[in-house]
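> Take this structure first; my questions come after.
Just so it is clear, none of the values below were taken in a lab; they were calculated from the coordinates. Computed from a predicted model, the values in this text were never measured in an experiment. Cβ: placed from backbone, ideal geometry, glycine included. Neighbour counts: every protein chain shown.
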Amino acid sequence: MLTLSPKAPFLYKPQNPNPKTQHYKQHINGIYCKSELQSERGLEFETGETFFRHESAKGRDLGVLAASLYNQSKGKLRVLDALCGCGIRSLRYLMESKADFVLANDANDEHRRVILDNLKRVDRGFGDERKWAVTHLDANRVLSECYLQKDFFDLIDIDSFGSDISLFLRSAMNTLSFDGLLYVTSTDGHSSGGHHPDHTLAAYGAYVRPMPFSNEVGLRMLIGGAVREASVLGYYITPLFSYYSYHGPVFRVMLRVNRGKLLENRHYGFITYCNKCGDSQEFSWAELGQISCSCNGSHDSSALVISGPLWIGPLHSAAYISEMINLAEEWGWIGNGADTDLEKLLKQMLDESDPRLKSGYIKMDEVASRAKINSPPLRTMMSAMQKVYFSLGTLHRDLSRTRAHDGMGHYGKGYATSRSHIALNAIKTDCPMSECIRIAKELQGVNSFAV
C-alpha cells in the first residue's frame, strides 16, 4: 500500500503547495467564464474551466454501478481517476460507490482549486484512513509511480481524448489489482470511420477501413487494442460493457483484467463487409487467405472490405449487465419511470449480449435501398426475422449453429436479433443481408424475385 505521507512526493508535493492562494483564471480566450454549481445524481459540484459535458453523465453512471458491484463482491475498492478533470467522477466513486480511497489526478494544476473544493464534500481523513488525494502529473507518470511503489488499484478510470488511451493501456494494466477493472475511453470517431488506417494500426494494432457500422468498429477497435496490450503482459481481458455516445463521439469500455492468455486468439480476428451484397462476416486468424464473400465465392478485392484485427466477441457480459440493472433498480435510478434513458440503454445492452449476434449492425435504410422499397417498421422486421424458417438449401456460412428441425426440410426458429444502442434504426443480427432483403420485401408485399 502506498504510504500516505510527505515521503510520497508525487502525491503530496503539488506544483503549488498553497492551493487557496493559487491564481484561478476567470477568462478563456478573453471570454468571461462563470463557474456555476452543477448537479448530478443529487451531488453538487463546480466545473470551473475544466472540460465537462453533461452528456457524459450516462457513462459516469455506468462506471459508478460497476465500481459498486466490485465493492460489494470484493469488500474493497481503491480507484485511480487518471484524468479527473473537475473531479466529478472521483466524487461519485467516493459518495455512491463507497470507495475506500480515490486518487484524483489531473495534469493541469490550475484545476486544483476546483478539484479540492469538489472532493471536500467527503472528509479527507488522515494516515491509513485517508479517503482521497489529488495530484497533478502526466497520467503515465502517476500510473508508473504507483506501480513502482506496489500501490495497486481495483478500478482505474482513464477518460482520455482522441486515441490517447493507447498511450496509457500498458501502465494502467500494470497498476491494476488482479481481477481489477479498467474503464477506458476513446473519442477518435474519424479513425474508427476508417479514414486513418495507418493511425489505427499504430495506436490499436488494427487496420481499419470504412464500414457502415463504423461506430461499433470504434468500440471493437478499442477493446482489440486492449487485448493486444494485455497479451504482451501475460493478461487477458473481458469486456463487461461497451458504450457509444454520439456526442464527441465517445467510446467507453469497462474491462476486467486477469492473468492468463486469450485462448487461441478467441474473439480476436477480422471483420469483412461486402459492398456488393451488403453482408458482413467474421474471420479468425486461421482463415486468413480464405477470406471471401458468399455472394460470388470470389476474392473480389474491390467489393470486399476487411478490417482488423479487432475484438469480434460480445460487447457486453449478459450476467454483468443483469447485475447492473438490479443495482440501478435498487438505487431507484431506473424503474417506476425514474430514468428511462438509462433503463433503455441497459436493457439494450442486455439484448446485445446474445453471443449469436454478429459484429456490426444492419441499418434499415440500407435494407430499404437495396430492396428498392420503403423500410418496414423496425419492430415488425425484427419479429419477422425471429420467426422465419429457412430450407436446408439456404443455410448461410454464419448459420452453422444447430437449429430445431420441423421434419419438412426446414430449420427454425429464426435469427437472433437485437436493437443497437449505437444506431437508432439498426438491427444487430446473425441474419445475412440477402435474407433481410427477402423478409423486408415480403413484409411490404413485394415479390422477392422482382427486380
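> With labels modelled as points extended 7 Å from the Cα through the Cβ direction, what inter-label distance (nm, one decimal) is found for Phe161 paired with Asn425?
About 3.4 nm separates the two model spin labels.
> Let me ask something additional. So between Phe52 and Val122, what do we pick up on full extension, going 0.36 nm a residue minus the alpha carbon distance? Intermediate values should be presented prior to the final figure.
Details: separation 70, 0.36 × 70 = 25.20 nm, distance 2.09 nm.
So the chain would gain 23.1 nm between Phe52 and Val122.
> In nm, what is the difference between 0.36 nm times the number of residues separating Arg370 and Asn258 and their Cα-Cα distance?
Values: separation 112, 0.36 × 112 = 40.32 nm, distance 4.44 nm.
Contour length minus the Cα-Cα distance gives 35.9 nm.
> While we're looking at this one, here's another question. Using a basic spin-label model with each label point 7 Å from the Cα along Cα→Cβ, how many nm lie between His195 and Gln72?
Simple spin-label model gives 4.2 nm for this pair.
> Only Cα pairs under 8 Å and at least 6 apart count here; give the relative contact order of region 46-105 as a rounded whole percent. Could the numbers behind the result be given before it?
Numbers: 70 pairs, mean separation 22.1, N = 60.
Once normalised by length, the contact order is 37 percent.
> Still on this structure, I have one more. Filter Lys76/Lys261; Lys74/Lys120; Lys276/Lys347; Lys131/Lys261 down to the pairs with a C-alpha to C-alpha distance above 32 Å, please. Can you show the working numbers first?
Details: Lys76/Lys261 26 Å; Lys74/Lys120 26 Å; Lys276/Lys347 34 Å; Lys131/Lys261 35 Å.
Violating the 32 Å Cα-Cα cut-off are Lys276/Lys347; Lys131/Lys261.
> On to the next question. For region 53-70, take each phi angle, set θ = phi - 60°, evaluate the Karplus expression 6.51 cos²θ - 1.76 cosθ + 1.60, and give the result in whole Hz per residue in order, putting x for glycine and proline.
Values per residue, Gly and Pro as x: 10, 4, 4, 7, 4, 5, x, 5, 4, 4, x, 5, 4, 5, 4, 5, 4, 4 Hz.
> Report the gain in length on full extension from Asn275 to Glu44: 0.36 nm times residue separation, minus Cα-Cα distance, nm rounded to one decimal.
Working: separation 231, 0.36 × 231 = 83.16 nm, distance 5.02 nm.
Length difference between fully extended and current span is 78.1 nm.
> Would you mind checking which residues have amide H under 5 Å from Gly193's amide H? H placed 1.01 Å from N; only 5 or more apart, or other chain.
So Gly193 has HN proximity to no qualifying residue.
> Pop out the ³J(HN,Hα) list for region 238-248 in order, Karplus 6.51 cos²θ - 1.76 cosθ + 1.60 with θ = phi - 60°, rounded to Hz; leave Gly and Pro as x.
Whole-Hz 3J(HN,Hα) from phi for region 238-248: 10, x, 8, 7, 10, 10, 10, 10, 5, 6, x.
> I'd like the Karplus ³J(HN,Hα) series for region 78-85: coefficients 6.51, -1.76, 1.60, θ = phi - 60°, whole numbers in Hz, and an x wherever there's a Gly or Pro.
So the Karplus estimates, Gly and Pro as x, are 10, 10, 10, 9, 6, 9, 7, x Hz.
> Moving on to the next point. Between Asp179 and Leu288, what is the label-to-label distance in nm when each label sits 7 Å out along the Cα-to-Cβ direction?
3.5 nm
> Moving on. Order 38-47, 78-87, 56-65, 161-170 from most to least packed using the mean count of other Cβ atoms within 10 Å.
Values: 38-47: 14.7, 78-87: 26.1, 56-65: 21.6, 161-170: 19.5.
Top of the packing list down: 78-87, 56-65, 161-170, 38-47.
> Pop the C-beta distance of Gln149 and Val446 into the FRET formula with R0 = 56 Å and round what comes out to the nearest 0.05.
On the way: r = 68 Å, r/R0 = 1.22.
According to the calculation, E is roughly 0.25.
> Which ordering of Trp311, Trp132, Trp285, Trp331 is given by a fewest-first count of other beta-carbon atoms within 10 Å? Don't skip to the end; give the middle numbers.
Working: Trp311 27, Trp132 24, Trp285 12, Trp331 16.
Going from sparsest to densest Cβ surroundings: Trp285, Trp331, Trp132, Trp311.
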